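Undergrad: Just dropping this structure here.
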Amino acid sequence: MKMDNTLLDEVNAQINREFYAAYLYFAMATYFAEINMEGFAKLTKNHAKEELNHAKKLYDYLILRDEKVTLQRIEAPDTGWTNPTDAIQAALNHEKFVTENIHRLYKNATEKDDFALKVFLSWFVSEQVEEEHLFQSMLDKMNYVEDCSCEIVNIDRELKIQNEYVE
Ligand code: FEO
């Protein structure tokens, strides 16, 4: 079944958003590397790879449906974070934005009776719950320790261990 043109445009836009997310997390990894927070740098770099994988999933899906993939320009991410909490807050904000877009796409697939797309998108709906939880729980911990930079260093050390063998 051919995909509705509006849905196709939305999936292509989502591919772009996933590439942008990868770019954003690579920018964050750079920021964390610059301030010598190796754990946060590793986490965000690994996360950038996950975002590339999300883009690839959507890309492969359009190919499978014999639809046209349209790669669009990727914006440079806003950087200029003033501290680690600021950067992780930006990550959470971005994930919430992605969730809104995935939900809108899922709703539109439902309204257009594209059941195959709906089933495919359900993986992304679940994934967004995990992604928001990841950054929300980290932010909660960081806000809890607030100005105590030695505690942020401890969180960084934990993240370094947790992400050591993630590729
Ligand atoms: Fe692909 Fe973090 O959403």
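Every number here is computed from the coordinates shown, using simple stated rules; none is lab data. Being a predicted model, the structure only gives us computed values, none of them experimental. Here the Cβ positions follow ideal geometry from the backbone for every residue, glycine too, while neighbour counts run over all protein chains shown.
Undergrad: Taking 7 Å along the Cα-to-C-beta vector as the label spot, tell me the Thr70-Ser126 distance in nanometres, rounded to one decimal.
TA: It works out to 3.2 nm between the two label points.
Undergrad: Now, a different point. Quick one: check the C-alpha center-to-center distance for the stretch 10-55 versus the stretch 111-161, whole angstrom.
TA: Cα centroid to Cα centroid, the span is 13 Å.
Undergrad: Continuing with this model, one more query. Picking from Tyr106, Val129, Leu92, whose Cα lies most toward the positive end of the charge dipole for the stretch 60-164 (charges on Cβ: Lys, Arg +1; Asp, Glu -1)?
TA: After comparing all options, I get Tyr106.
Undergrad: At 222 nm, what value in deg cm²/dmol follows for the chain if DSSP H runs of at least 4 each add -39500 (n - 2.57) and the sum is divided by all its residues, to the nearest 500?
TA: My calculation for the chain gives -28000 deg cm²/dmol from helical runs alone.
Undergrad: Sticking with this one: Modelled label-to-label distance, Ile63 and Glu50, 7 Å Cα→beta-carbon offset: nm?
TA: 2.4
Undergrad: Grab the beta carbon distance between Thr79 and Gln162, set R0 = 30 Å, and tell me the FRET efficiency rounded to 0.05.
TA: Efficiency at R0 = 30 Å is approximately 0.75.
Undergrad: Once you have all Cα-Cα distances for the stretch 111-167, histogram them in 5 Å bins from zero and send the whole-percent values.
TA: All Cα pairs considered, the percentages come to 4, 15, 15, 16, 14, 10, 8, 7, 6, 4, 1.
Undergrad: In this model, which of Lys45/Lys160; Lys49/Lys112; Lys42/Lys118 are farther than 23 Å apart at the alpha-carbon? Show your work: numbers first, answer last.
TA: Numbers: Lys45/Lys160 12 Å; Lys49/Lys112 32 Å; Lys42/Lys118 33 Å.
Going by Cα-Cα distance, Lys49/Lys112; Lys42/Lys118 fall outside the 23 Å limit.
Undergrad: Express the relative contact order of the stretch 1-147 as a whole percentage, based on alpha carbon pairs under 8 Å and six or more residues apart in sequence.
TA: Answer for the stretch 1-147 is 27 percent.
Undergrad: So what's the angle, to the nearest 10 degrees on a 0 to 90 scale, between helix 5-34 and the longest Cα principal axis of the chain?
TA: 10
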